[in-house]
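Got a structure for you, questions after.
The values are calculated or read from the model by the stated rules, or taken from the named source; none is laboratory data. None of these values were measured; they are calculated from a predicted model. Neighbour counts are summed over all protein chains in view; Cβ atoms, including those assigned to glycine, are modelled from backbone coordinates with ideal geometry.
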Amino acid sequence: MGALAWRWALRAARLPGRGGVAVTAPRRSPGCRPAASAAMSSGSSSSGTRDEALRDKRTQILSRGLPKQKPIEGVKQVLILASGKGGVGKSTAAVNIALALAANDSTKEVGLLDADIYGPSIPKMMNLKGNPELTPKNLMRPLKNYGIACMSMGFLIEETAPVVWRGLMVMSAVEKLLRQVDWGQLDYLVIDMPPGTGDVQLSVSQNIPIADAMVVETIRKTHLSNRKWIETGAVIISTPQDIALLDARKGAEMFRKVHVPVLGLVQNMSVFQCPKCKHETHIFGADGVRDLAKSLRLDILGDIPLHVNVRETCDSGQPVVISQPQSDAAKAYLRIAMEIVRRLPVPPA
Ligand SMILES: Nc1ncnc2c1ncn2[C@@H]1O[C@H](COP(=O)(O)OP(=O)(O)OP(=O)(O)O)[C@@H](O)[C@H]1O
Ligand SMILES: [Mg+2]
């Protein structure tokens, strides 16, 4: 069953199986130009009608491969954890925030999607291994731990196998991980994004349902009193160091461009307290993310301290919110989850 699920997930891209490495290049017949460039260069007329027709044709061609925005069956709200920069604590936060959402309200069902196709972290952080089973409807059943339903590319390939894909293959994989999964009934689906603002980010943004621009604007201005229903919000996480902030800004701007409301920013690793003398050090800077939030006119959702237990517990598959709920770090994640929920309008029953 497991092998079937895996083969099935890769089928669309016609890729080699377990342990395999796949590289593709766009196919082109000899002497044949890509349709878009042919359309662009055909004819010499500069008349307005023809230009318009060419533009339409080009738009049509370019939009052909794009996924359609539609709801994910059974999922009420989607929460994207992102940052332009790598290694700033997205996955750690995604895991702990997913657990915190469930811990804060035991009536809520929470799922976690690892959208990091190239470097999935969720299986290890959530202490999960194995292949998803297929349901009679041919959907993948998420693997579950600590009450959280998880899906990851890491369940479909060997731990050590590199994924060497690009473009449409990655986009197709993201769509499958989102939609070809039996999520059951989820109040929140937390998505752990890879670093950057590339194919995966675009693919996720284009796949998930997004509130119309008016609702987004209302949320930005009056998020606490707003009762309207949105399906998706993004949270940007960064360390306060300049080099990370540059990319975090790009991340936030990207979501604005694709009309995903940014609920706020999380500052990670801003303070380290020496366990012996209690002296506090700002290894990556103190307030960089707060300043960035101000300049983007966004809220700060909270600060997570730099602490060895956050790293150790994630590496051992027992995230700090579950294993040390009384610790400062766990309390920070729990508070951030609360702030997120306050900014997500109550969905209709
Ligand atoms: N608050 C924290 N205190 C201590 N260590 C942390 C903290 N947050 C994250 N880490 C550690 O920092 C490293 C990077 O974290 P993580 O993998 O969550 O980042 P990421 O942004 O998801 O990285 P990538 O871009 O590669 O996916 C990990 O070793 C993690 O355990
Ligand atoms: Mg990660």
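Consider only pairs whose beta carbons are under 7 Å apart and that are at least six residues apart or on different chains; among these, list those whose first residue lies in the range 183-196 and is hydroxyl-bearing (Ser, Thr, Tyr) and whose second residue is part of a strand (DSSP E or B).
Partner pairs satisfying both residue conditions: 188/77; 188/79; 188/110.
Can you find a residue in the range 296-306 that is within 16 Å of ligand 2 (Cβ to nearest atom) and either buried (at least 17 other Cβ atoms within 10 Å of the Cβ) or in a loop (DSSP other than H, G, I, E, B) (or both)?
Scanning the range 296-306, I find at least one residue that is within 16 Å of ligand 2 (Cβ to nearest atom) and either buried (at least 17 other Cβ atoms within 10 Å of the Cβ) or in a loop (DSSP other than H, G, I, E, B) (or both), so the answer is yes.
So that you can scan it fast, the table gives a plain yes or no per residue for (1) within 21 Å of residue 91 (Cβ to Cβ); (2) within 24 Å of the chain's Cα centre (by Cα); (3) of a type in the set (Asp, Glu); (4) modelled with pLDDT of 95 or more:
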site: 263; (1), (2), (3), (4): yes, yes, no, no
site: 267; (1), (2), (3), (4): yes, yes, no, yes
site: 273; (1), (2), (3), (4): no, no, no, no
site: 293; (1), (2), (3), (4): no, yes, no, yes
site: 305; (1), (2), (3), (4): yes, yes, no, yes
site: 319; (1), (2), (3), (4): yes, yes, no, yes
site: 323; (1), (2), (3), (4): yes, no, no, yes
site: 328; (1), (2), (3), (4): yes, no, yes, yes
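Among the listed residues 280, 312, identify the single one that is within 16 Å of residue 89 (Cβ to Cβ) and surrounded by fewer than 18 Cβ atoms within 10 Å (Cβ to Cβ).
Result of the check over 280, 312: 312.
Kindly indicate whether any position in the range 124-131 is touching a helix residue (DSSP H, G or I) at 6+ places or on another chain (Cβ under 6 Å), assigned to a helix (DSSP H, G or I) and crowded, with 19+ Cβ neighbours inside 10 Å.
The answer is yes, given that some residue of the range 124-131 is touching a helix residue (DSSP H, G or I) at 6+ places or on another chain (Cβ under 6 Å), assigned to a helix (DSSP H, G or I) and crowded, with 19+ Cβ neighbours inside 10 Å.
Let me ask something additional. Determine whether the range 264-280 contains at least one residue that is of a type in the set (Lys, Arg), out of contact with any Gly (no Cβ under 7 Å at 6 or more places or on another chain) and in contact (Cβ under 8 Å) with a residue 60 or more places away in the chain.
no
Follow-up question, since we're still on this one. Just checking, does the range 304-320 include any residue being among the polar types (S, T, N, Q) and either more than 16 Å from ligand 1 (Cβ to nearest atom) or closer than 30 Å to residue 253 by Cβ (or both)?
Among the residues of the range 304-320, not one is among the polar types (S, T, N, Q) and either more than 16 Å from ligand 1 (Cβ to nearest atom) or closer than 30 Å to residue 253 by Cβ (or both), which makes the answer no.
Residues 94, 102: which one is part of a helix (DSSP H, G or I), within 16 Å of ligand 1 (Cβ to nearest atom) and modelled with pLDDT of 95 or more?
Matching residue, one of 94, 102: 94.
Can you name the number of the only condition in (1) in contact with a Gly (Cβ under 8 Å, 6 or more places away or on another chain); (2) closer than 16 Å to residue 201 by Cβ that residue 304 fails?
Unmet condition: (2).
Of the residues in the range 180-223, how many are among the charged types (D, E, K, R), modelled with pLDDT of 85 or more and either more than 17 Å from the chain's Cα centre (by Cα) or surrounded by fewer than 18 Cβ atoms within 10 Å (Cβ to Cβ) (or both)?
1
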